[in-house]
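Here the structure comes first, spelled out in structure tokens, and everything after it is commentary.
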Amino acid sequence: MVAGTAATVGAGGGLAGVTLRSGRGAGGARAKLLAALALIGGVGASGCGGDRGEPTPAAGGAAPEGGAVVRVVDGPDVPVHEVVEAPRLLDPDWTVRFEPEIRFRTQVGAANAEPRIFLPRQVVMLDEARLLVVDEGAEAPLALVDLAADSVVARFGRMGQGPGELSGSVVFLEGEPGAVRLFDLGNSQVHEYGPDGTLLRHWSVPRKAYVSYSHVRPGSDELLSEFVDADTGGGKAFRIHRFDPVADTDQPLMELPWPPDALAGAGFQHGRGLWTVLDDRVVTMRADLPVLRVHDLDGRALREVHLPLSPRELTARDIAAQIREHGDIARKLQPGFIALTNFLYPVSDTVVGMLQGAMWRAAEDPDMDIDARVWRLVSTGGGFVGTLAFPDDFVFLGWSGGYLWGSVPDELGAAIIVGGRVRLPGEHP
């Protein structure tokens with residue numbers, strides 16, 4: 001059975017995958033992080049218990065230890081957690097570094113040897129011994145990797161736009177034990193493969209007005225998908241639907257927070273409605289506002305987390321640097337305010353990561369190198385956890401099986417697929 005959830009393309013036990021590094025000693029960092037964990041009620045704990053270890057709002061706007069003020073707005077069911085102090089993004093006492101514990105080289109032998117994986121775009125952990133890699137550069141784009149044998153043991157699927165073919169933008173469903181079932185958003189088809197990669201069956205799903213961004217609802221074939229719906233004013237409204245491509249049913253759950261029409265044409269700069277799915281939570285954010293809203297899987301708002309961040313102003317110098325680095329796409333930028341982030345990622349059952357870098361970061365953040373990529377970690381319970389820093393040229397490949405997956409280049413520039421658990425202080429293997 002395909003375990004866990006997987007984000008769209010393009011999008012075992014072991015040692016701790018993330019360790020604490022601090023130029024001023026790990027003791028101070030650990031104390032700060034443990035204080036944050038105390039505030040947010042034990043982030044990353046076993047997941048058992050009532051409300052996932054997330055805190056109960058303090059009565060009367062009291063200030064819990066750790067610098068957060070809790071007040072209630074929008075009625076008693078939507079508490080707001082106001083975080084009144086944020087660590088600096090690059091503060092070494094708050095930095096957690098990604099250190100892989102699983103590695104798979106996509107190319108071995110001579111520099112001119114044919115790669116085992118051409119262009120990895122997504123990783124799904126089937127079990128402790130096997131990975132399924134979406135290889136965008138191969139004619140048969142689904143590669144089954146045996147970690148113990150350190151080899152690709154099977155390839156299957158076929159790129160294309162016809163019946164039974166794959167577009168490259170896929171979401172993995174639960175399927176039968178031993179089988180691989182996926183939904184192809186580009187071709188609007190469900191595909192089911194046997195353990196040996198044989199295509200058992202496929203069928204088309206009437207095309208919906210969804211955007212190519214979906215997450216599997218845990219324990220089912222249902223997806224949480226982003227739909228574009230016509231609204232009553234003749235424009236567009238972006239909503240998250242509960243969508244079952246096997247049964248061909250969908251149900252609207254919530255509307256995404258979206259920048260006003262005046263900013264809609266500048267989405268590259270001002271961002272869009274962002275969202276991601278943790279174990280049993282949906283987190284939404286309007287990219288230019290420092291507010292995370294946490295929902296359950298039925299769309300009910302549980303809390304808001306207000307962060308002490310503000311959009312920074314993009315200067316002509318910033319834009320010139322981006323054009324030198326990224327070319328014509330950066331010419332869309334204009335002097336003025338820019339969104340706080342452009343992506344949200346799941347990092348654990350109760351922690352979400354906000355992508356931060358030279359372009360998308362807050363006014364409170366220090367200058368960053370043009371290639372810097374870090375995630376500001378925020379608990380769904382209401383509080384900062386720290387900053388997750390990655391190796392140079394890290395490319396995110398998904399969150400599956402309790403591991404964060406990505407790729408880094410080797411000494412010849414070929415990709416190494418890496419996976420590691422994100423462990424924060426106070427957690428245990």
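Computed from the coordinates by the stated procedures, all read-outs in this text should not be read as laboratory data. Bear in mind that the values here come from a model prediction, so they are computed numbers and not experimental data. All Cβ positions, glycine included, derive from the backbone under ideal geometry; neighbour counts span all protein chains shown.
Structure notes:
- Near the amide H of GLY137, within less than 5 Å, lie the amide hydrogens of PHE118, LEU119, all on another chain or at least 5 residues away, with H placed in the peptide plane.
- Pairwise Cα inverse-distance average, inverted: Kirkwood Rh of region 292-429 (Å): 16.9
- Taking the number of Cβ atoms within 10 Å of each Cβ as an exposure proxy, the fewest-first ranking of HIS295, HIS202 is HIS202, HIS295.
- Fewest-first ranking of GLU411, GLU82, using other Cβ atoms within 10 Å as the exposure measure: GLU411, GLU82
- Ordering SER310, SER225 by the number of other Cβ atoms within 10 Å of each residue's own Cβ, fewest first, gives SER310, SER225.
- Phi-based couplings in Hz for region 129-142 (Karplus 6.51, -1.76, 1.60; Gly and Pro marked x): 10, 9, 10, 10, 10, 7, 10, 5, x, 10, 5, 9, x, 9
- Over region 276-319, the ratio between the Cα radius of gyration and 2.2 N^0.38 Å evaluates to 1.54.
- For peptides 375-386, 282-293, sequence by mean Cβ density within 10 Å, most packed first: 375-386, 282-293
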